[in-house]
1. State, as an integer percentage, the relative contact order of the stretch B:362-459 based on alpha-carbon contacts under 8 Å between residues 6 or more apart.
2. What number results when the radius of gyration of chain A, computed over Cα atoms, is divided by 2.2 N^0.38 Å?
3. Per residue of the stretch B:254-259, what does 6.51 cos²θ - 1.76 cosθ + 1.60 with θ = phi - 60° give for ³J(HN,Hα)? Whole Hz please, x for Gly and Pro, Karplus curve as stated.
4. Pull out the extension gain between B:R61 and B:T431, defined as 0.36 nm times the separation in residues minus the alpha carbon to alpha carbon distance; nm, one decimal.
5. Give the lysines whose C-alpha is closer than 28 Å to that of A:K279, dropping any in the same chain fewer than 8 places away, or say none.
6. Evaluate the relative contact order of chain A (contact order divided by residue number), counting alpha-carbon pairs under 8 angstrom at least 6 apart; express in whole percent.
7. Once the Cβ-Cβ distance between A:T45 and A:E441 is put in as r, and R0 is 56 Å, what FRET efficiency do you end up with, to the nearest 0.05?
8. Before rounding to the nearest 500, sum -39500 (n - 2.57) across all DSSP H runs of length at least 4 in the protein assembly as shown and divide by the residue total; then give [θ] at 222 nm in deg cm²/dmol.
Amino acid sequence: MTLRRYHAARWDEPLIHQIGAPGRRGQHFPLADSTGLVPAGLQRTSPPDLPELSEPEVLNHYLRLSQETMGMIGVSLFGTCTMKYNPRVGEQAARRLAGVHPAQPAETMQGLLAAVHGLDLMLRSLSGMDRFTFQAAGGADAAWTQAVITRAFHAARGQGQQRTKIITSLQSHPCNPATAATAGFEVITLPLGENGYPSLDMLKAALGPDTAALMINNPDDMGVYNPEIMEWVRLVKDAGALAFYDHANFNGVMTKIRARDLGFDACMFMLHKTFGVSKGGGGPAVGAYGCTAELAPFMPGPLVVEDGGAYRLETPPQQAAKVREYLGNLQQVFKAYAWTRAMGAEGLAEASDQSVLLNNYMEKRLLTLRGVTRSHPEQTSPRLEMTRYSLGTLLEDTGISAVDVQNRMADFGIDAFWLSHEPWIVPQPFTPEAGEMWSREDIDYWIDVLAHVIDEAYRDPERVRSAPHNQVVAKLSDRDINDPANWATTWAAWQRKLGQGKKG
Amino acid sequence: MVQSRAHPFMPNSAAAGKAALLDELGLAGTEPLFAQIPAAHRLSALPDLPPALTSEVELARHLNALLDRNRPAGGGLSFLGGGIWQHHVPAVVDEIVGRAEFLTPVWGTPSSDFGRNQVWWEFTSQLGALLGMELVGLPVYSWGAAAGHAFRMAARLTGRTRIILPAAISPERLAVITGYAYSADPAMRLELVLAPCDPTGRLDLAAVAALADANTAAIYYENPAYLGGLETGAAELAAIAARVGAETIAGVDPISLGVIAPPGELGVDIAVGTIQTLGVHCHAGGGLGGFIATRDEARYAAEYPTLLNSLTTTVDGELAFGLMLFHQSSYGSRELGKDWTGNSTYLWAVAAATYMAMLGPAGFAEIGHLILARTRFAAQTLAGVNGVQVAESRGMFRELLLDFSASGRSVTAVNRALLDRHGIFGGIEITPEKALFAFTECHTEADIVRLADALREVLS
């Protein structure tokens, strides 16, 4: 194997406050006199300490910083985030929405509303749910939507005081317990059984008249599918609670299963993960939330309604609260519509097949590497679109951690793998997700790099421990930035605390 | 043979390549890989979706046909605002946010994400300079989300539950805040007390003083207010909060802070607001983003739900960036963390960092003066239209409440006629007779005169 002679761009680009010169300008506005228009005591008396730069300096500064970011140009298999191709045709088309104001009359944005409604219909087909809202600005916000709807649903039935608990599992994404707690619910976290999912007995012991909802993902972030999930949902609903399916890991099961068919009351898809929308380094994102007609009256609105080929907005009658102003990140919804239309049902089925095939291909090769093991070895069925691996053996043998390996892989143009959400189920976890966008050569290269790094860990652990060597900067020091004397989120704080960083 | 074509987004969907991968696993097809899923759970047929448009030429035609059915307000003359505004986005900002390195990825290592993390740090640094506050978190979903989190921070800081806020607040924002304030647990519920305001949205200080009590966690005001008034009571509101031991929370729009006193100089404890105005288009509502900022004190830092991006060093002594207090986020502590975080609006931090660098102190002063002057010009010009009443013309930033009651026309009718007969998008309806019109640097005096002439015709 020949690894790329990659080296990250290294510009030694100063901080924005360290460049420019007094009097330089990047933008002019028409000059205007506002004398006497700001009330006494409300005038700004000293200018903000902002840099003074010409337009080309700003452009070049941020272009250099973009080059000092690997992005998706390297191979990124960041598990749980479903790294996916973002079709540029959708990105390009969505720019034509830039000037749309969300309070425009509906008749002046019929094309946009048609796309929103079109995606709603396609997601209904894919999930079996009756209605979708795109207001949630991310997957966590969709979990929040579920928590808010759970509150309103039980309150409307006079059971608000009684149903105080939300059940989830140790392998759920942290946003599920966190949004449940923020909404005022007590969280019950079920531990995992030997097969990688909690047992039915654990669920039965937790369920009661005080249960408000179950929030669960399936398959989980280890690629393990709970085959008892229909029984779970039945028990939850028999207890009078709601069952919410966090479909974060939908990529491996698209067109194979539907949340509603499994009995769920509601589900969530992440358009910025599964549905081809650009991630933006962490948003703007969309958690598409779908539910049954029974829950629809509580959805945050307005929702798009079709009337004989025309589209209008309608607010559900029992909307408890909104989760986001207006209708959500509609330019991203439009991109997801574009992606889904480009795929079609056959394309989605193929993408699901591909993601699972590639994961199993990866797994076969990865498990031949020294020091690599997989979670729940007794669970012998093929994992779906992800596998949770462990470098615990490597750590024991060499002292090299998963983070060390991550840093060293970046030296070859491979961006970070995902380790694991808290808590760690296995020591030194790592979770690549192959998805459908990378070629077999990309995947092989990723594995070759890992093999090289592991080999290096046994031969020359210091080389790995001190990595990265070919990156923009070296690895972080152990400087304690949880200490108020050290942390600095702003130039002003840094200057005050350390008296450093002056220009020149 | 058409059916067997590899899909353009999927390199391994070419038949030979897929077969080779299956061969590696000793399989004839992918079905055995799904053995974990019981047959009873499986769909028997493909879901019903419209036919695929795998050809980009067909897909682009379809998408553009849809887009042709929109009439973006920003493409004509529009006075829509009320929480998301049409401000000028410099071309450089669009170029930077369109860079694939920023647009498409999610997360790498501190070294491979170095450039992006530096941009984020320059976002918080420059925003902190505008705000006069030294601790700034990475963005949240929106102003409403920021306010909701800030109220919860104040409740945790004080152990109290009452929040006093202006009755004249964006209904969209209030609807979001309501979700954050309510709790399934009655003991945890925040009591949102809406204090009366004057017609420009400024709070009634005597009313606030009377409402502030020993259970008040925070007094929240907006500057500029939702209805456009600059909050002349800012100092007094902070004093009232201090008297009862409550936090002062201000909602501000950073685009005003080249000319308006920053929250850091007005006794504000927690500042929140929008970042949409800093170089982000409306995007049909998808341009929203919010921020939370405070004094740089451990007591406040310990309550942030956001990720916090700190300057640090590498082992070689280079400057670098790392997440501080990660353990208190929901990623670190699940339900024991501070509220929650997740994907947010981080691309807009890139836009805002670029925008603030483009403007600099002189640009922010100029745009502030210009918006004040345009608002004043609009107030004077529109006051001359029969049937239109304008609340006030001084001390107003960007928005004016126009009252059409003297004309006997409803906002709906006025806006309908403005759009149909003059191609103008009117303001946001506040009551059946009153609407909020926004005036920014994107409007010329001639645009405002055109609005006045159109209103004369519509109201005649």
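Coordinate-derived values only; no laboratory data. Predicted model only: the values in this text are computed from it and were never measured. Cβ sites come from the backbone with ideal geometry, for glycine too, and all protein chains shown count toward neighbours.
1. Working: 148 pairs, mean separation 30.4, N = 98.
31 percent.
2. Details: Rg = 25.3 Å, N = 504, 2.2 N^0.38 = 23.4 Å.
Output field value: 1.08.
3. x, 5, 8, 7, x, 10
4. Details: separation 370, 0.36 × 370 = 133.20 nm, distance 4.12 nm.
Full extension of this stretch gives 129.1 nm more.
5. A:K84, A:K256, A:K322, A:K335, A:K475, B:K18, B:K338
6. Numbers: 906 pairs, mean separation 101.9, N = 504.
About 20 percent, as a whole number.
7. Working: r = 61 Å, r/R0 = 1.09.
Computed FRET efficiency for A:T45 and A:E441 comes out at 0.35.
8. Details: 27 runs with 335 residues, N = 964.
Helix contribution divided over all residues of the protein assembly as shown: -11000 deg cm²/dmol.
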